[in-house]
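Colleague: Please find one structure pasted underneath; my questions will follow.
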Amino acid sequence: MAITTGIKGFNDILPNQVEKWQLIEATARRVFGIYGFSEIRVPIMEKTELFARSIGDATDIVEKEMYSFTDKGENLVTLRPEGTAGVMRAFIEHKLQVLDPVTKLYYLGPMFRYERPQKGRSRQFHQIGAEVVGVTNPRVDAQLLVMLCHFFTDLGLTEPTLQINSLGCPDCRPAYRASLKGFLLERLERLCDDCRRRMETNPLRALDCKVAGCGETTADAPSVLDHLCQGCDDHFVAVRRHLEATATPFTINSRMVRGLDYYTRTTFELVTGLLGAQSAVAAGGRYDGLIQELGGPALPGIGFAMGVERVALLLADRETGRSPDLFIAAHGEAAGDEAFRLMIQLQRQGFWVEIDYEGKSLKSQMRRADKLKARFTLIIGEEELLTASGMLKAMATGVQVASPLDPSLLAEALSCS
Ligand code: HAM
């Protein structure tokens, strides 16, 4: 049987799309570098227990979306559904706090979740994420958000927009949870099966349930922001103050609960209306208890991850394709040899040059030069060989000049414009 298709939800990134990805990655590396972040590369597979402990047993990700299996050594392993857990595992394992008490890391790569594929949602998707470990000060929350907005502005995107919330801490969240649960229990019959089922394990999820009836039922549910303890409230006020002081636009969304359990205090999403149901382009928050929960030191952390597929969709119409500096169209065997020699010499000098390999007609070679959007074309026929001079044409203006078949002089001409 022929194998001509890949696995559902696992997509190829083709040459005509990959330039957008490279632009996104290069922008992230550059902008994150300005803010002092270093790259970390961790494996795409970890012990299943790591994700169950960090993301939470009662989350959709752990309950139904993980690619988990037993390997040949009987170990239960999982393809990472997100980056934070693995990066924190590596942080603890290598005691990175010893190098610098403020650890700023970023990562990029594929993540895996068994979700229903649709526009902006796939089973293998890609995240670019950043994490800061070691700082409780709300200035770091604001700085991370400023950096994220800097990244989108640098890409020339006005979407997405920033929404923030606070989910409190282990001191104040239980009371909020109890109050929300009481509210939901009184309206149980109006909630969907999923929300009812999660009543004991994760009642907060009802607030961002997509089922219309749940949305209506929870419209006047108690707000987490009315239940924050003094410490969490002060923190949230300070984050907002720092965002205002740095002219970073945001709105407060007290119904944002996030799909991972490790969050404390500040949470945020960058949302867009341009991608249909998949509105979150980037998201994250504080996770002050996670490192200790995994067995590491009691250090606070905060971070985010963006979905690269979604950022690429926002860049949909952006012209990012590259085109050759020069196409050398040659007529005849001897001219073909000369074109080949010039091509190699110019490539060694750093120019992208294309030639024809199949003995096509000059007309057809020129069509290909057009299609590739070559900046210049050089035509070499038998006559040109005799005079050692070809016709160099700037494709944008149509201006043609006779040019010696000399790689240094050609290189000069290609560099001029
Ligand atoms: P998350 O909200 O699960 O957070 O994912 C972050 C982003 O990844 C989403 O906003 C979305 O853009 C993208 N994403 C998630 N699932 C898919 C999918 N199936 N297909 C395409 N894109 C997707 C986290 O993963 C946290 N680790 C973020 C974080 C870092 N929090 C603190 N540090």
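The values are calculated or read from the model by the stated rules, or taken from the named source; none is laboratory data. If you're wondering where the values come from, they're calculated on a predicted model, not measured in any experiment. We place every Cβ from the backbone using ideal geometry, glycine too, and count neighbours over all the protein chains shown. Heavy atoms of the whole protein, side chains included, go into the accessibility calculation; ligands, DNA and RNA do not. Shrake-Rupley method; radii C 1.70, N 1.55, O 1.52, S 1.80 Å.
Colleague: Within segment 325-361, which residues are within 34 Å of the chain's Cα centre (by Cα), outside any loop (DSSP other than H, G, I, E, B) and buried (at least 17 other Cβ atoms within 10 Å of the Cβ)?
Modeller: Result: 326, 353, 354.
Colleague: Spot the failing condition for residue 66; the list is (1) of a type in the set (A, V, I, L, M); (2) over 19 Å from residue 289 (Cβ atoms); (3) open to solvent by 40 Å² or more (accessible area, probe 1.4 Å), and only one is missed.
Modeller: It fails just one condition, (3).
Colleague: Go through the residues of segment 313-320 one by one and say whether even a single one is of a type in the set (Gly, Ala, Ser), under 30 Å from residue 10 (Cβ atoms) and over 16 Å from the mean Cα position of the chain (by Cα).
Modeller: There is no residue in segment 313-320 that is of a type in the set (Gly, Ala, Ser), under 30 Å from residue 10 (Cβ atoms) and over 16 Å from the mean Cα position of the chain (by Cα).
Colleague: Which of the numbered conditions does residue 410 fail, given that it passes all the others? Conditions: (1) open to solvent by less than 20 Å² (accessible area, probe 1.4 Å); (2) more than 42 Å from the chain's Cα centre (by Cα).
Modeller: (2)
Colleague: Of all residues in segment 374-392, count the ones that are at pLDDT below 95 and either in a helix (DSSP H, G or I) or open to solvent by 20 Å² or more (accessible area, probe 1.4 Å) (or both).
Modeller: Looking only at that region, the number is 9.
Colleague: Further question: If a residue has to be among the hydrophobic types (A, V, I, L, M, F, W, C), open to solvent by 10 Å² or more (accessible area, probe 1.4 Å) and either part of a loop (DSSP other than H, G, I, E, B) or touching a strand residue (DSSP E or B) at 6+ places or on another chain (Cβ under 7 Å) (or both) to count, how many in segment 86-111 make the cut?
Modeller: Residues that pass the stated criteria total 5.
Colleague: Mind counting the residues in segment 112-140 that are under 30 Å from residue 79 (Cβ atoms) and not in a strand (DSSP E or B)?
Modeller: Residues in segment 112-140 being under 30 Å from residue 79 (Cβ atoms) and not in a strand (DSSP E or B): 10 in total.
Colleague: Does any residue of segment 212-234 turn out to be over 30 Å from the mean Cα position of the chain (by Cα) and among the β-branched types (Val, Ile, Thr)?
Modeller: yes
Colleague: Still on this structure: Quick check: is even one residue across segment 37-44 in contact with a strand residue (DSSP E or B) (Cβ under 7 Å, 6 or more places away or on another chain), of a type in the set (S, T, N, Q) and either modelled with pLDDT of 95 or more or assigned to a helix (DSSP H, G or I) (or both)?
Modeller: Looking for residues that are in contact with a strand residue (DSSP E or B) (Cβ under 7 Å, 6 or more places away or on another chain), of a type in the set (S, T, N, Q) and either modelled with pLDDT of 95 or more or assigned to a helix (DSSP H, G or I) (or both), one finds at least one in segment 37-44, hence yes.
Colleague: May I ask you to list pairs of residues, at least six apart or on different chains, whose Cβ atoms are under 7 Å apart, with the first in segment 3-30 being free of Cβ contacts under 8 Å to residues at least 24 places away in the same chain and the second being exposed (fewer than 10 other Cβ atoms within 10 Å of the Cβ)?
Modeller: Pairs that qualify, where the first residue is free of Cβ contacts under 8 Å to residues at least 24 places away in the same chain and the partner is exposed (fewer than 10 other Cβ atoms within 10 Å of the Cβ), are 6/12.
Colleague: Further question on the same structure: Report, by residue number, each residue of segment 263-284 that is within 8 Å of the ligand (Cβ to nearest atom) and either within 27 Å of residue 23 (Cβ to Cβ) or surrounded by fewer than 24 Cβ atoms within 10 Å (Cβ to Cβ) (or both).
Modeller: Passing the criteria: 269, 270, 278, 280, 281, 282, 283, 284.
Colleague: Taking the residues in segment 285-301 that are out of contact with any Ser or Thr (no Cβ under 6 Å at 6 or more places or on another chain) and within 15 Å of residue 101 (Cβ to Cβ) as candidates, determine which candidate is nearest to the ligand (Cβ to nearest atom).
Modeller: 301
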